[in-house]
Structures are given as structure tokens and as C-alpha cells.
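Notes follow once the structure below has been shown.
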Amino acid sequence: GAQLATQKAEHPQVKAFGGLMVEEHSDLLQQGDKLARELNIVPVITQDSEKLVQEHNRTMEELSAKSGSTFDQAYIDHEIKMHQRVLQRVDQASQSAQHPRLKQLLNRTKPALAAHLEAAQGIEKNLKGETGTSSSPEGSGMKGDAGKSQQPTGSGSTEGGGSRDERIHSDQKQGGQS
């Protein structure tokens, strides 16, 4: 879905958000896969998670037929709903996780997902507040080093989260006031 946004989005914030999602979700999935291999565990696909994947795939098919501001709004709406649901599931999983390293990964993931949700909500406000005029890429504040990876710096830090997402959210607030 995020890859689709980098290709089809019209609004620079939506396009940049899609790029961020491609990078950060890939990083998070790689961390999860690596931990699963190290702990010699096989992730369980629940009926609920399968339903979530099917819904996501259906929405991606629908999004591929959209373009322009219609695509932008539908994509951001989808990202908000998905991040809310995934954040809830990660929270539940972190509470029930038995292995300390799995619990730690899940807890490190939550702030990044929450920041993604907040960023998407900020973009949604900007999209709804605009009257058909698109802000310049410079005004979106989502260019420059926002796509560079950052390493965790200690407990509570997020892989690739934190300051990058905070910068996006901060820039969205500034972009929404113009």
C-alpha cells in the first residue's frame, strides 16, 4: 500500500508518508523476522490477522483504481484505520508476550506505530483543510533527511521511529497553519 502511495499520491505529504511507511514497515518486519529466527519461533497467523491482511489487500485493489486527491484521501483514511487496529493488536500482543525479547520488540514498536497514526491524522486534517490547492513539497516539511534510518539509542527508543516521525508531525502542524 505504501509503495502505491509513493507512485500515485498527488499531495507531497501523502507521497512522503508513503515513502516513510515503505521504509519503516520494512525495517519493523525485518526486525520481527530476525527475532523469530533467533528465537526459533514461527509467527502464528490468527483468523483476526488474516482478516486484517485480506481487508488491506482489498483496499489496495480499490486504491489502485483511484487517482489525485481522491486517492490521497482514501489512502490516508486507510492508513489511519489500519494503524489504529495494528496498534491495538501490538498492544495486546505485548501484554501477552512470554519472551522478554519479543515483549521488548513489541514495546519498541508501539511508539513508532503511534507516531505513524498521528502523522496520518495530521495529513488528513491538512487534506480536509485545503480548498483544492496543493502545498509545495518544501512546505510539507517531509523532504530532506526524513527518510534516513536511525538506530535505537536505548530503552524506549524505536527503530527508525522517534525523531523522524516527530519531525513529520511537527512539519504537518506548520503546514496546516499556512
All positions within region 75-102 that are touching a helix residue (DSSP H, G or I) at 6+ places or on another chain (Cβ under 6 Å) and free of Cβ contacts under 8 Å to residues at least 24 places away in the same chain: V90, A93, S94, A97
Inter-residue pairs, beta-carbon under 8 Å, first under 20 Å from R89 (Cα atoms) and in region 48-63, second among the charged types (D, E, K, R), 6+ apart: D48/R89; S49/R89; L52/R85; L52/R89
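Hey, among V44, V86, which residue is at pLDDT below 95 and within 18 Å of E24 (Cβ to Cβ)?
Working: V44 fails: within 18 Å of E24 (Cβ to Cβ).
Within the list V44, V86, the selection yields V86.
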Test: residue in region 51-64 that is within 12 Å of V14 (Cβ to Cβ) and either surrounded by 11 or more Cβ atoms within 10 Å (Cβ to Cβ) or over 18 Å from the mean Cα position of the chain (by Cα) (or both): yes
Filter result for the condition that a residue is β-branched (V, I, T), open to solvent by less than 70 Å² (accessible area, probe 1.4 Å) and either closer than 30 Å to N40 by Cα or modelled with pLDDT of 95 or more (or both), over I168, I123: I123
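For region 87-98, check the following and say yes or no: at least one residue is assigned to a helix (DSSP H, G or I), touching a Phe, Trp or Tyr at 6+ places or on another chain (Cβ under 6 Å) and surrounded by 18 or more Cβ atoms within 10 Å (Cβ to Cβ).
So the first thing to find is which residues in region 87-98 are assigned to a helix (DSSP H, G or I), and the list is 87-96.
Retained after the next criterion (residues that are touching a Phe, Trp or Tyr at 6+ places or on another chain (Cβ under 6 Å)): none.
The answer is no, given that none of the residues of region 87-98 is assigned to a helix (DSSP H, G or I), touching a Phe, Trp or Tyr at 6+ places or on another chain (Cβ under 6 Å) and surrounded by 18 or more Cβ atoms within 10 Å (Cβ to Cβ).
Residues of region 66-114 being small (G, A, S) and within 22 Å of K128 (Cβ to Cβ), which ones? Let's see the steps before the verdict.
The first filter runs over region 66-114 and keeps only residues small (G, A, S), leaving 67-69, 74, 93-94, 96-97, 112, 114.
Residues satisfying the conditions are S67, G68, S69, A74, A114.
Does I41 fit the bill of being farther than 16 Å from V86 by Cα, open to solvent by 40 Å² or more (accessible area, probe 1.4 Å) and either in contact with a Phe, Trp or Tyr (Cβ under 9 Å, 6 or more places away or on another chain) or assigned to a loop (DSSP other than H, G, I, E, B) (or both)?
yes
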Filter result for L35 (open to solvent by less than 30 Å² (accessible area, probe 1.4 Å) and over 23 Å from I123 (Cβ atoms)): yes
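The values are calculated or read from the model by the stated rules, or taken from the named source; none is laboratory data. All figures in this text were calculated on a predicted structure; none of them were measured in a lab. For neighbour counting, all protein chains shown are included, and Cβ atoms are generated from backbone atoms with ideal geometry for every residue, glycine included. Only protein heavy atoms, including side chains, enter the accessible area calculation; ligands, DNA and RNA are left aside. Shrake-Rupley method; radii C 1.70, N 1.55, O 1.52, S 1.80 Å.
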